[in-house]
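I have placed the structure first, in the form of structure tokens, so that the comments after it can refer back to it.
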Amino acid sequence: MNKKTVRDIDVSGKRVLVRVDFNVPLDDQQHITDDTRIVAALPTIRYLLDHGAAVILMSHLGRPKGQPVAAMRLAPIAIRLSELLKLPVETTADCIGPEAEQKAKALQAGQVLLLENLRFHKEEEKNDPEFARQLAALGDLYVNDAFGTAHRAHASTEGVTHTLPGVSGFLVEKEINFLGSALEHPQRPFVAIVGGAKVSDKIAVLERLISLADSILIGGGMANTFLKAQGYEIGDSLLEESKVDVARELITKAKEQGKQFVLPTDVVIADRFAADANHKVVAATEVPQGWRILDIGPATIQDFYAVLAKAQTIVWNGTLGVAEMPAFAKGTEATIQHLVERTQAGATTIIGGGDSAAAVEQAGAASKMSHVSTGGGASLEFLEGRILPGVAALQDK
Ligand code: AMP
């Protein structure tokens, strides 16, 4: 990565304002159900503390839409963070204003302050310059370690860098290094697996992966539109009628570039969109009226495996079926196991954030992959080749 990181600057005796992504899931009782994102920020926080900085953390949580919402306060996160760091974590009632200023000023080296939810102010997402200036005034230096929001130019990800010098934390560095090197210098064969609900969300990433990868495996709801483009009937399956032509063009493009483009040959169909629906396996050419495709079938799992077995680099975005329902999670689960196997055999396996990352976490396989991205939208935009404003705003090496 060509951006400076915390290693490149002297943080000793400085108040360091750090944007983290603590947007963790909470249950009705305000208990954190998955603290992955908090744990992911620990290396940067610990490094700063060990090197004599006072650490001021800021994050958003949920969608409070520009006003304070009691259920979206960061207090439960401060408690969990304090347990993980084995240090007290001070909080504020608002992320800007006199109390935050006073607490930031009083903060000593080795101490941690967590500002209240940034999105209690609508100015955060609007990248309001005055709001950004007030945040920036709390620190001497800025660190961005929130990969999950790096694709958005918000006050805390971009605006603050107008008045504070900014560098990246270890998480952002790791994400960019993994995703970047996989795309720029992949060990070949390079195989991309693309699934998820809609083709429309994935057109840009498919275009890029067709030109970069050697083989592209297609699953999930979006495979239906490709099957339709091949002239197959797909019953009541999720279909984007307006994208059938785009799907056909993508297939042609892959062919013209000599790339292997693999569609499902068999599918799991159900008579309803429900976890307990009647279901069976049929050939992709034989989907009856009244039924819908909810997963790839066993022959397709094997077809995918035959390609994956030779791969040295694998990038995956989007589940291969409705993985939230056990009956339609088999394609996703089998592919996770195949990726674990490939990782153990020395291949580089990269899971884009969002639903595919959640499925990998749920299978307990996250630590068995080379890299599981913490950013859904951010990793997708990076794979598309777009500039992430939160990274672009940091100082060059
Ligand atoms: P995405 O966020 O684009 O990665 O899409 C993930 C979503 O796609 C998950 O919620 C899946 O349930 C959904 N999905 C995957 N396969 C299908 C399918 N065959 N039909 C409908 N939805 C699907």
Quiz item: Taking into account only those residues within the stretch 198-226 that are in contact (Cβ under 8 Å) with a residue 60 or more places away in the chain and among the aliphatic types (A, V, I, L, M), which is surrounded by the most Cβ atoms within 10 Å (Cβ to Cβ)?
Solution: Ala223
Quiz item: Just wondering, is there one or more residues in the stretch 11-32 that are exposed (fewer than 14 other Cβ atoms within 10 Å of the Cβ) and either touching a His at 6+ places or on another chain (Cβ under 7 Å) or among the basic types (Lys, Arg) (or both)?
Solution: yes
Quiz item: Of all residues in the stretch 285-300, how many are surrounded by 24 or more Cβ atoms within 10 Å (Cβ to Cβ) and away from the ligand (no atom under 11 Å from the Cβ)?
Solution: 1
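Condition first: under 30 Å from Ile38 (Cβ atoms) and outside any strand (DSSP E or B). Can you find one or more residues in the stretch 230-242 that meet it?
Just the residues of the stretch 230-242 that are under 30 Å from Ile38 (Cβ atoms), to begin with: none.
Scanning the stretch 230-242 turns up no residue that is under 30 Å from Ile38 (Cβ atoms) and outside any strand (DSSP E or B).
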Exercise. Would you confirm whether any residue within the stretch 145-155 is on the phi > 0 side of the Ramachandran plot and either touching a residue at least 40 places away in the same chain (Cβ under 8 Å) or not assigned by TED's automatic domain parsing to the domain that holds Ala54 (or both)?
Key: no
Self-check item: Ala41 being modelled with pLDDT of 95 or more, of a type in the set (Gly, Ala, Ser), under 21 Å from the mean Cα position of the chain (by Cα) and under 21 Å from Asn144 (Cβ atoms)
Solution: yes
Quiz item: Could you count how many residues in the stretch 52-66 are over 26 Å from the mean Cα position of the chain (by Cα) and part of a loop (DSSP other than H, G, I, E, B)?
Solution: 2
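The values are calculated or read from the model by the stated rules, or taken from the named source; none is laboratory data. Bear in mind that the values here come from a model prediction, so they are computed numbers and not experimental data. Cβ coordinates were reconstructed from backbone atoms using ideal geometry, including for glycine residues, and neighbour counts include every protein chain displayed.
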